[in-house]
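A.B. asks: Take this structure first; my questions come after.
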């Protein structure tokens, strides 16, 4: 490489740097979409539960059957395809108090799936709905996704009550919510949707039920 | 239940690995993969440990061995052993996402290991440079969890056909006056860092594509430059001043002048709530 050639390269690089510097950097503005609310059948399931896991999946062509399958997989604790986004297993009291942030909303319709975990690694509830959050944000609409009880939970709730009486005892006082025989303290009912029925009023995108 | 849960989560990954392992059937690693598919964690641990001890595995296979050992030990409730294996896995494959196939309560050791690495300033790595005065190769090894035992270096001077080789105990800083590299400013090299069983932790360069270190400078070029404008300190001083001025102007332009009409990029964040 000759000195003249090297000088030419340096001048070119210098000019490129100046040109690149003149490009405007975008100003990034964080905008919060309207919330997604996962609705448990009642506060009794909340008291029995320990943690919550929200995952976002690529929906297939048939949204309804897709959500049905996702909820089956959520109940069986294993997704056949890797989620696009996994918000991790979070303590249920934390999520109830502070919510959970989705760091970046993926554009287009996505399947939002929730698993409600019991204290011993059993899935107590699942919910799913295909939603285009960006579109919802533009329309200012909130999303509600019903959580249905799994057979495991139904069996448990039929034979026992949570030891704690309410949300405050569970989350603020951190009292035990371990199951006690039916007839103990209870503040709720189990009249929520059955397992697999996580539909909502959202147009056509919700799960069709199990 | 615990075992079933693990098996459910791991089956897709295991199926891929099991089919890939067809080429090395009957090897301890293949046996470990088969035991894993059969949800036999005692056998998985036994075969994976044998694979580890037989040595000779490249980094990707070694990472898989530690992953199998970690998951098996976690399942068998040897949490310290699981964490040690996961620490090694993450040293070799920092982006490992093993926790995604483990049940929530079985993720503790993996997440602890990940937390350990997140708090570290250094990772497993090696840097090689060459002394411009003596031509000695200087190797700096970073090994926070002391996995490395030996370092094998092969080096070749410019225009030389054959490599010369040395093997020495792993140390943080090593220096090698390779025969034929005296006074050289650059060289080709191949480097492997081995563990106590002879498995490869790090591999830089290969016979076909060795890595280079130093700057290639021809003798004629050096002579030409000594009489050119680039040899003058004034050239570099003036260039420095001009570049600094340009950078300042660009920064001023970007930070002050263009802020008002810069394009706005929206990032949409979502929020999940829980109710009933």
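The values are calculated or read from the model by the stated rules, or taken from the named source; none is laboratory data. On a predicted model such as this, the values are computed, not experimentally measured, just so you know. Backbone-built Cβ (ideal geometry, glycine too); neighbour counts: all protein chains shown.
A.B. asks: Is it the case, given these coordinates, that residue A:90 is at pLDDT 90 or above and either touching a strand residue (DSSP E or B) at 6+ places or on another chain (Cβ under 6 Å) or part of a helix (DSSP H, G or I) (or both)?
C.D. replies: Numbers: at pLDDT 90 or above: yes; either touching a strand residue (DSSP E or B) at 6+ places or on another chain (Cβ under 6 Å) or part of a helix (DSSP H, G or I) (or both): yes.
For residue A:90, the condition - at pLDDT 90 or above and either touching a strand residue (DSSP E or B) at 6+ places or on another chain (Cβ under 6 Å) or part of a helix (DSSP H, G or I) (or both) - is met.
A.B. asks: Separate question: Do the conditions hold for residue A:103, that is, is it more than 10 Å from chain B (Cβ to nearest Cβ) and surrounded by fewer than 20 Cβ atoms within 10 Å (Cβ to Cβ)?
C.D. replies: Numbers: more than 10 Å from chain B (Cβ to nearest Cβ): no; surrounded by fewer than 20 Cβ atoms within 10 Å (Cβ to Cβ): yes.
So residue A:103 fails the test.
A.B. asks: Looking at (1) modelled with pLDDT of 85 or more; (2) buried (at least 21 other Cβ atoms within 10 Å of the Cβ); (3) over 14 Å from the mean Cα position of the chain (by Cα); (4) more than 17 Å from residue A:44 (Cα to Cα), which is the only condition residue A:161 fails?
C.D. replies: (4)
A.B. asks: Which residue, of B:89, B:62, is buried (at least 18 other Cβ atoms within 10 Å of the Cβ) and in contact with a strand residue (DSSP E or B) (Cβ under 8 Å, 6 or more places away or on another chain)? It would help to see each step written out before you state the result.
C.D. replies: On the way: B:89 fails: in contact with a strand residue (DSSP E or B) (Cβ under 8 Å, 6 or more places away or on another chain).
Exactly one residue qualifies, and that residue is B:62.
A.B. asks: Further question: Count, please, the residues in the range A:63-81 that happen to be facing chain B (nearest Cβ under 9 Å) and touching a strand residue (DSSP E or B) at 6+ places or on another chain (Cβ under 9 Å).
C.D. replies: The qualifying residues number 4.
A.B. asks: A further question on this structure: Restricting to the range A:105-120, count the residues that are over 9 Å from the mean Cα position of the chain (by Cα) and touching a residue at least 12 places away in the same chain (Cβ under 8 Å).
C.D. replies: Residues in the range A:105-120 being over 9 Å from the mean Cα position of the chain (by Cα) and touching a residue at least 12 places away in the same chain (Cβ under 8 Å): 11 in total.
A.B. asks: Could you check the range B:178-276 for strands (runs of 3 or more DSSP E) lying wholly inside it with 2 or more residues that are modelled with pLDDT under 85?
C.D. replies: The qualifying strands (runs of 3 or more DSSP E) are B:264-275.
A.B. asks: Just one of A:53, A:115 is more than 9 Å from every other protein chain (Cβ to nearest Cβ), crowded, with 16+ Cβ neighbours inside 10 Å and touching a helix residue (DSSP H, G or I) at 6+ places or on another chain (Cβ under 8 Å); which is it?
C.D. replies: Result: A:115 is the single residue among A:53, A:115 that is more than 9 Å from every other protein chain (Cβ to nearest Cβ), crowded, with 16+ Cβ neighbours inside 10 Å and touching a helix residue (DSSP H, G or I) at 6+ places or on another chain (Cβ under 8 Å).
A.B. asks: Another question, if that's okay. Examine the range B:109-121 for a residue that is touching a residue at least 40 places away in the same chain (Cβ under 8 Å) and either in contact with a strand residue (DSSP E or B) (Cβ under 7 Å, 6 or more places away or on another chain) or in the same structural domain as residue B:203 (by TED's automatic domain parsing) (or both), and state whether such a residue exists.
C.D. replies: no
A.B. asks: So which of A:149, A:137 is touching a residue at least 12 places away in the same chain (Cβ under 8 Å) and farther than 24 Å from residue A:98 by Cβ?
C.D. replies: From the options A:149, A:137, the qualifying one is A:149.
A.B. asks: Scanning for something under 21 Å from residue B:104 (Cα atoms), surrounded by fewer than 23 Cβ atoms within 10 Å (Cβ to Cβ) and more than 7 Å from chain B (Cβ to nearest Cβ), does the range A:133-141 turn up at least one residue? Spell out how you get there, then give the answer.
C.D. replies: Within the range A:133-141, the subset under 21 Å from residue B:104 (Cα atoms) is none.
Taking every residue of the range A:133-141 in turn, none turns out to be under 21 Å from residue B:104 (Cα atoms), surrounded by fewer than 23 Cβ atoms within 10 Å (Cβ to Cβ) and more than 7 Å from chain B (Cβ to nearest Cβ).
Rundown of residues vs (1) at pLDDT 90 or above; (2) not in a loop (DSSP other than H, G, I, E, B), yes/no style:
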{"residue": "A:97", "(1), (2)": "yes, yes"}
{"residue": "A:106", "(1), (2)": "no, no"}
{"residue": "A:112", "(1), (2)": "yes, yes"}
{"residue": "A:116", "(1), (2)": "yes, yes"}
{"residue": "A:121", "(1), (2)": "no, no"}
{"residue": "A:124", "(1), (2)": "yes, yes"}
{"residue": "A:127", "(1), (2)": "yes, yes"}
{"residue": "A:134", "(1), (2)": "no, yes"}
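A.B. asks: Another question, then. Considering the range B:97-150 alone, what residues qualify as being away from every other protein chain (no Cβ under 14 Å), outside any helix (DSSP H, G or I) and in contact with a helix residue (DSSP H, G or I) (Cβ under 9 Å, 6 or more places away or on another chain)?
C.D. replies: B:123, B:124, B:143, B:144, B:145, B:147
A.B. asks: Here is a further query. Does residue A:60 satisfy being touching a helix residue (DSSP H, G or I) at 6+ places or on another chain (Cβ under 9 Å) and more than 12 Å from chain B (Cβ to nearest Cβ)? So that I can check it myself, show each step before the final result.
C.D. replies: Numbers: touching a helix residue (DSSP H, G or I) at 6+ places or on another chain (Cβ under 9 Å): yes; more than 12 Å from chain B (Cβ to nearest Cβ): yes.
Spelling it out, residue A:60 is indeed touching a helix residue (DSSP H, G or I) at 6+ places or on another chain (Cβ under 9 Å) and more than 12 Å from chain B (Cβ to nearest Cβ).
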